[in-house]
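> The structure that follows is given in the form of structure tokens.
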Amino acid sequence: MSKLGDKIRKATRLESGAIGFGAVATRPGTPSMLLIVHGPASSMRPPDDLAGRGVDAVLLSFSNPQADMSQLAKWAKKASDVPCGAQVMAASGKIVAALKEAGADFLVFDAETTNAEALLETEMGYVLALSGQPTDSLLRTMDAFRLEGLWVGDWREPLTVHRQMELRRVHLLSRKLLFAPVRPDIGPAELECLRDAGVVAVAVNGMEAGAWQQLGDLRQAIDGLPTKARRREERPDVVLPLGRELTPQVEEEEEEEESPPE
């Protein structure tokens, strides 16, 4: 399991406070969303103490991953326990192995240009980058893939009701959590609305002016989000084998006993 995947599971895990009919709540001290900083590996400089700044993960984008492996190794060493990911649009099994060797914990990839063999590395976390308006049938096929989530890089603020509904559609049909890029000064109310739409991680562009300085306020806003109650539609669905129909069970009527002959 990737370190990013472990953090996601902790953020989304709900535990009951006591046996019985007590209210379900998140584990104390565990945030319900993750904070990611993303940007080009060749231009973004790693600051000191990423964990102290409240960063849960770092995502580096590579135009030429084979040439930028040294940048990834430097970031991974600097990040220490903070998961370091690579965004590579055209990946192969060989590239994924090299990324893993350099210290990458997860990969953000494009389905159109990434070889299928690239997803065979069991210790790597995978995030699929969505673009455009994916169809319902395409989203449903993603449930079969081992993904930490979906990178919804095309969504745009402000978060209108329609955009929230669209994010919710992607989340429910794919049954995957979402990663959404946001501005560093996003407010708590918008964060809560994104979380309700299925977003588990928000990503700030590390190249944006003042982004690193605003991480502390954003971290506080995330940590202060109210407890998320489990929605009915988020409960696991019952899936029947093909060809089977759910029919009510009818008890057989007992045959009337024949009276003995007189």
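The values are calculated or read from the model by the stated rules, or taken from the named source; none is laboratory data. All of these numbers come straight from a predicted model, not from anything done at the bench. Please note: Cβ atoms are built from the backbone with ideal geometry, for glycine as well, and neighbour counts cover all protein chains shown.
> Counting only residues that are in contact with a helix residue (DSSP H, G or I) (Cβ under 8 Å, 6 or more places away or on another chain) and of a type in the set (D, E, K, R), how many does the range 49-77 have?
2
> Hey, another quick one. Could you look through the range 21-41, keep only residues that are at pLDDT below 80 and part of a strand (DSSP E or B), and pick out the one that is surrounded by the most Cβ atoms within 10 Å (Cβ to Cβ)?
Thr26
> Can you pull out the residues in the range 49-63 that are in contact (Cβ under 8 Å) with a residue 12 or more places away in the chain, in a loop (DSSP other than H, G, I, E, B) and not small (Gly, Ala, Ser)?
Matches in the range 49-63: Leu50, Val55, Asp56, Phe62.
> Scan the range 60-96 for residues that are among the β-branched types (Val, Ile, Thr) and either more than 20 Å from the chain's Cα centre (by Cα) or over 18 Å from Lys3 (Cβ atoms) (or both) and jot them down.
Residues satisfying the conditions are Val88, Ile95.
> All but one of (1) in contact (Cβ under 8 Å) with a residue 40 or more places away in the chain; (2) assigned to a helix (DSSP H, G or I) hold for Phe179; which doesn't?
In the conditions (1) in contact (Cβ under 8 Å) with a residue 40 or more places away in the chain; (2) assigned to a helix (DSSP H, G or I), Phe179 misses (2) alone.
> Any idea which residue in the range 154-171 is nearest to the chain's Cα centre (by Cα), counting only those that are farther than 18 Å from Ser32 by Cβ and surrounded by 16 or more Cβ atoms within 10 Å (Cβ to Cβ)?
In this case the residue turns out to be Val170.
> Would you confirm whether any residue within the range 77-93 is of a type in the set (A, V, I, L, M, F, W, C), surrounded by fewer than 22 Cβ atoms within 10 Å (Cβ to Cβ) and part of a loop (DSSP other than H, G, I, E, B)?
Yes, there is a match, as at least one residue in the range 77-93 is of a type in the set (A, V, I, L, M, F, W, C), surrounded by fewer than 22 Cβ atoms within 10 Å (Cβ to Cβ) and part of a loop (DSSP other than H, G, I, E, B).
> Also, quick follow-up: Of all residues in the range 201-235 being at pLDDT below 90 and within 11 Å of Pro31 (Cα to Cα), which is surrounded by the fewest Cβ atoms within 10 Å (Cβ to Cβ)?
Here the answer is Thr227.
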